[in-house]
Amino acid sequence: MFEFFRRNKPKKGPIVCARPDHCISRKNIDPDALRVLYRLSDLGYEAYLVGGGVRDLLLGRVPKDFDVGTSAHPNEVRRAFRNCFLIGRRFRLAHVRFGQKVIETATFRASSQSVGDIIAHAAEGPMEDNTYGTPETDANRRDFTVNGLFYDIKTFAVIDYVGGLEDLKRRVIRSIGDPMIRFREDPVRMMRAIKFSSRLDFTIEKNTEKAIRKLHSCITTAAPPRVCEEVFRLFSYGAGTKAFKMMYRYGLLHDLLPDLSDFIDGDGGEDSSTWLYMSVLDRFEKAMHERGYDVPNGLRAAVLYTAMARKIGSRKALGTMLSSLKIPKATYFPAIFMIDSTRRFRQKPADGRWRFVGHRDFPDALDYNRIVARAEGLSEQVLDQWADLYNQQGDEK
């Protein structure tokens, strides 16, 4: 898939992989992202496709997002696009909107702060300000080498300041810079390393892994909303089992969800029944992703806690997630409903069924019970009857 053998590596500067030597085609880039790139380029600014979008295109995957890096300052981007809005305080970002779609456009950032400043402000999250830099300084501010690649809309070349092309070939997740410093700067990067490793089926480079094992407890200093968001991202693309097993091995699961981690310890560790339910959820996640749907977080939380809930009850089990992770109540209450619905779903539809079938979380509860039934090797015949009843209700409306 990669043909980097003819790339040109000058004595100084980045590795430049010319168009004939890589697989990225403009036809695979979102047309609205191309509009942003071309508009900025035509106005005389540097404009690159950056980050995970470049990584995924080189891997032959369909990127979820197409982000743009540019030399244009935020107000200059806003003047270039009537459909642009600026967000952020510490570092201003331009969101160029096309309907419901957003092309995030960021000005190149300057070099990172000193080690002393990073450690002193670690609890506040990654330090940002409106000090702008160059493509090279911006690349070195990113988290992992495979996310530090740029695609130049003028030359159609891939530009690599951080060794990302080599790590893509090796299928390695490696921190840009010293991981002991970078993870103190932003502990959520440890979770992102696990997410990319599990999702892409890459290994984590040994020094990066050592830093996670040593600094995992720093995750408790990160802002709860960011951590909560990243936890639910671990489920996506059908890689949840691998991701949560890595969280468990490295100690991050115990830091964030200690009751769940303790339950897994007593339930067989690597052989816990938790992983059985999660593996079926992974297959469901893949199927839904292929159909263009997102799995609701309530369903994900319910499956993650199914085995534990069987021992101590749904509210007590998920209450630990609510208190530890500060999950939204819009996630917590549907998860409770799904776990508690199992007894009802194992009985054939009877009187009073319409109120149950009309519950707003009924479709997700039905999916949850199919996941549980498949994990436990049970018949889905009664679930099919409930599904027929739900479809019948829809037809009557």
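Contact map, segment 204-232: residues that are farther than 17 Å from Asp143 by Cα and without any contact (Cβ under 8 Å) to a residue 40 or more places away in the chain paired with residues that are of a type outside the set (D, E, K, R) and surrounded by 19 or more Cβ atoms within 10 Å (Cβ to Cβ), Cβ distance under 6 Å, separation 6+ or inter-chain. Pairs shown: Arg213/Tyr250. Scanning segment 130-154 for residues that are crowded, with 23+ Cβ neighbours inside 10 Å, part of a helix (DSSP H, G or I) and in contact with a Lys or Arg (Cβ under 7 Å, 6 or more places away or on another chain) returns Asp138, Thr145, Val146. The residue pairs whose first member lies in segment 233-248 and is acidic (Asp, Glu), whose second member is surrounded by fewer than 20 Cβ atoms within 10 Å (Cβ to Cβ), and whose beta carbons are closer than 7 Å, counting only pairs six or more residues apart or on different chains, do not exist in this structure. Taking the options Arg174, Arg182, Arg199, Arg192, name whichever one is within 16 Å of the chain's Cα centre (by Cα) and within 27 Å of Thr70 (Cα to Cα). The match here is Arg192. Every test in (1) at pLDDT 95 or above; (2) in contact with a helix residue (DSSP H, G or I) (Cβ under 8 Å, 6 or more places away or on another chain); (3) closer than 25 Å to Leu200 by Cβ is passed by Tyr45 save one, and that test is (3). The conditions of being acidic (Asp, Glu) and either closer than 19 Å to Asp267 by Cβ or at pLDDT 95 or above (or both) are not met by Asp395. Scanning segment 249-265 for residues that are in contact (Cβ under 8 Å) with a residue 24 or more places away in the chain and either small (Gly, Ala, Ser) or within 21 Å of Ala211 (Cβ to Cβ) (or both) yields Tyr250, Gly251, Leu252, Asp255, Leu256.
Just checking: which of the helices (runs of 4 or more DSSP H) contained wholly in segment 227-286 hold 3 or more residues that are crowded, with 23+ Cβ neighbours inside 10 Å?
On the way: elements: 240-250, 252-256, 258-266.
In segment 227-286, the matching helices (runs of 4 or more DSSP H) lie at 240-250.
Across segment 155-172, the qualifying residues are those that are surrounded by fewer than 21 Cβ atoms within 10 Å (Cβ to Cβ) and charged (D, E, K, R), and the one among them that is nearest to Asp42 (Cα to Cα) is Glu166. Can you find even one residue in segment 310-323 that is in contact with a Pro (Cβ under 9 Å, 6 or more places away or on another chain), within 22 Å of Cys228 (Cβ to Cβ) and not in a helix (DSSP H, G or I)? No: segment 310-323 contains no residue that is in contact with a Pro (Cβ under 9 Å, 6 or more places away or on another chain), within 22 Å of Cys228 (Cβ to Cβ) and not in a helix (DSSP H, G or I).
Residue under question is Lys27, and the condition is that it be of a type in the set (Lys, Arg) and at pLDDT 95 or above; does it hold? Yes; evaluated as a whole, the condition is true for this residue. Counting only strands (runs of 3 or more DSSP E) that fall entirely inside segment 32-104 and contain at least 1 residues that are buried (at least 23 other Cβ atoms within 10 Å of the Cβ), the qualifying elements are 47-50, 67-70, 93-98.
Please determine whether any residue of segment 314-324 is of a type in the set (Ser, Thr, Tyr), more than 21 Å from the chain's Cα centre (by Cα) and more than 20 Å from Glu376 (Cα to Cα). Yes; the residues of segment 314-324 include at least one that is of a type in the set (Ser, Thr, Tyr), more than 21 Å from the chain's Cα centre (by Cα) and more than 20 Å from Glu376 (Cα to Cα).
Taken together, Asp364, Asp340, Asp294 contain a single residue that is surrounded by 18 or more Cβ atoms within 10 Å (Cβ to Cβ), under 29 Å from the mean Cα position of the chain (by Cα) and over 24 Å from Asp265 (Cα atoms), which is Asp364. The selection criterion, being crowded, with 19+ Cβ neighbours inside 10 Å and free of Cβ contacts under 8 Å to residues at least 12 places away in the same chain, does not hold for Leu299.
Residue-by-condition table, conditions (1) touching a strand residue (DSSP E or B) at 6+ places or on another chain (Cβ under 8 Å); (2) of a type in the set (Val, Ile, Thr); (3) crowded, with 18+ Cβ neighbours inside 10 Å; (4) under 23 Å from Arg233 (Cα atoms):
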residue	(1), (2), (3), (4)
Leu304	no, no, yes, yes
Leu322	no, no, yes, yes
Ile327	no, yes, yes, yes
Arg344	no, no, no, no
Ala350	no, no, no, no
Leu389	no, no, no, no
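May I ask you to verify whether Phe91 is of a type in the set (Phe, Trp, Tyr), within 30 Å of Ile212 (Cα to Cα) and modelled with pLDDT under 95? So Phe91 fits the description; yes.
The values are calculated or read from the model by the stated rules, or taken from the named source; none is laboratory data. Note that the structure is predicted; figures quoted are calculated from it, not measured. Virtual Cβ from ideal backbone geometry, glycine too; neighbours counted across all protein chains shown.
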